[in-house]
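Here's the structure, in structure tokens; my notes come after.
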Amino acid sequence: MSGGQLLFNQLHEKLELLEEIGPIDLQPVRCMGACDRFCVAAFTTPNKLTFILSQLSPTDSVPDLLEFSRQYIAYLDGKVPYQDRPATVKQKIHAVLPPLPTHP
């Protein structure tokens, strides 16, 4: 099993137990084009910043990703203050992108 699949499985399992986090659509992606920076995860939703994280540990990063999920949902624009972000998120940010434009 690949590291990415292991990370996905662990996140999926934990998210099912943490209903208080809110609605999260966890989607596996076969390739994010970052082979030399695996494991990669992205947080994205309409009208919020997109965070792309790379070089994640398939096991050790799970608690911090769950915490960041809570934070990301709580902030209307997705802009979790840097000082409040879990250590993994601070260290593993590959890119932060502006919100995608929405069409009426």
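The values are calculated or read from the model by the stated rules, or taken from the named source; none is laboratory data. Note that the structure is predicted; figures quoted are calculated from it, not measured. Note: accessible area is taken over every heavy atom of the protein model, side chains too, but ligands, DNA and RNA are not part of it. Shrake-Rupley method; radii C 1.70, N 1.55, O 1.52, S 1.80 Å.
Please grab the % of Cα pairs in the chain that end up more than 20 Å from each other.
Numbers: 1947 of 5356 pairs.
Above the 20 Å cut-off, the chain has 36 percent of its Cα pairs.
Per-residue ellipticity at 222 nm for the chain, helices alone: DSSP H runs ≥ 4 residues times -39500 (n - 2.57), over residue total, nearest 500 deg cm²/dmol? Could you put the intermediate results ahead of the total?
On the way: 3 runs with 34 residues, N = 104.
Roughly -10000 deg cm²/dmol at 222 nm, from the helical runs in the chain.
How much of the accessible area of the chain, probe 1.4 Å, is carbon plus sulfur, in whole percent?
Numbers: 3850 of 6890 Å².
The C+S portion of the solvent-accessible surface of the chain is 56 percent.
In Å², what does the accessible area per residue of the chain work out to with a 1.4 Å probe? Working shown, then result.
Details: 6890 Å² over 104 residues.
Spelled out: the 1.4 Å probe surface of the chain, per residue, equals 66 Å².
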